[in-house]
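The values are calculated or read from the model by the stated rules, or taken from the named source; none is laboratory data. Source: prediction; values computed, not measured. With ideal geometry, Cβ positions are generated from the backbone for all residues, glycine too; neighbour counts draw on all protein chains shown. Ligands, DNA and RNA are excluded from the accessible area calculation, which covers all protein heavy atoms including side chains. Shrake-Rupley method; radii C 1.70, N 1.55, O 1.52, S 1.80 Å.
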Amino acid sequence: MFSRFVSLETSIRTTLALIDKPIEVLSPEEWVIAAEITTALQPMKEVTDHISGENYVTGSSIIILIQGILDLYNNMIEENPNFSSSVKLLINKLKEGLEGRLGNLQGSKTLVTATFLDPRFKNIAFPSEKIAETAKKNIINLVASQINQDLGEDPSGDTVEMSSDTPSTSSTLVKKLAAFNTYRRIAANYKPAGTPMSRAITEVQRYLEEPLPSENSDPLKWWREHSYNFPFLSKIVKQKFCTVVTSVPCERVFSKAGNILNERRTRLSSEKVKKLVFLKYNS
């Protein structure tokens, strides 16, 4: 609202000057304050828009965004010493609100884990090495637990049957060839080198050594393309990657419903409206 109002300043002031009736108008100083407020609120708008997204992971960027916006406000006051006192008060109130409402985000194990698992951020996004090291140890423990779980699972029907039966007409000829029996006996006694913990440490370290993708890349796509290289870590991603819950999606559905059920279509049944909203939202 402020952004559009300020961008139309010349048109608004010209129009108001043509009105014969007495009307309360903004003073030149208040127009300056309006422009400063626009500058102060812009970072909040950008972060709000990003967190309100539905088609990408948002939980992994919360710590970075909040720390970044606090730094922006600290620099904003230093870089704009001529800001009016009221706008400086607004910025300080915004900072107090963020710190008071969100508290210490680095203390959230959920957000810290999600941030570490985002290939764009990994362990470089945290404000202190202690938090980064704690996050790394937590991920290693999760991966080691996943390896233990996978190794302890009862083999499914996909296991190789040690049989010397005559090969049948099957698409999986490797499972049926009798000539593979010697290999099958060796493979049955094979165990990967290292403990689950050592394998977890190795996999997490290889993940940290991967180059960082661009800031605008899709972390879910990255994990789809690299899951073969990090088989156990990718399973942790499926469990721990998260999206921040907001009321924005249901507000969007509500708006779409308002476009369907208008004053010219008041006789639609609730069941019909439900189906139309579903089609509209998922088309």
- Query: What longest region of the chain stays clear of chymotrypsin sites (Phe, Trp or Tyr not before Pro) that DSSP places outside H, G, I, E and B and that have at most 16 other Cβ atoms within 10 Å?
  - Reply: 57-189
- Relative contact order for the chain using alpha-carbon pairs under 8 Å, separation at least 6, rounded to a whole percent? 21 percent
- Message: Kirkwood hydrodynamic radius, segment 1-156, all distinct C-alpha pairs: what's the number in Å?
- Response: 19.4 Å
- Query: How large is the accessible surface per residue of the chain, computed with a 1.4 Å probe and reported in Å² as a whole number?
  - Reply: 68 Å²
- ³J(HN,Hα) computed for each position of segment 261-267 - Karplus, 6.51 cos²θ - 1.76 cosθ + 1.60, integer Hz, glycine/proline x: 9, 10, 5, 8, 9, 7, 9
- Protein accessible area in the chain, 1.4 Å probe - carbon and sulfur %: 55 percent
- Amide H of Tyr56: which non-local residues (sequence gap of 5 or more, or other chain) have their own amide H closer than 5 Å, using H built in the peptide plane? none
- Note on the structure: Under the Karplus relation with 6.51, -1.76 and 1.60 and θ = phi - 60°, whole-Hz ³J(HN,Hα) for segment 59-72, x at Gly and Pro, equal x, 6, 9, 5, 4, 5, 5, 5, 5, x, 6, 5, 5, 4
- Per-residue ³J(HN,Hα) for segment 110-115, Karplus 6.51 cos²θ - 1.76 cosθ + 1.60, θ = phi - 60°, Hz, x for Gly and Pro: 5, 5, 5, 5, 5, 5
- Task: Using a 1.4 angstrom probe on the protein heavy atoms only, line up Met197, Met76, Met1 by accessible area, largest first.
- Result: Met1, Met197, Met76
- Task: Would you kindly find the accessible area of Arg252, with a 1.4 Å probe and non-protein molecules such as ligands, DNA and RNA excluded, rounding to the nearest 10 Å²?
- Result: 90 Å²
- Task: Calculate for the chain the 222 nm mean residue ellipticity that helices alone would give, adding -39,500 (n - 2.57) per DSSP H run of length 4 or more and normalising by residue count, nearest 500 deg cm²/dmol.
- Result: -19500 deg cm²/dmol
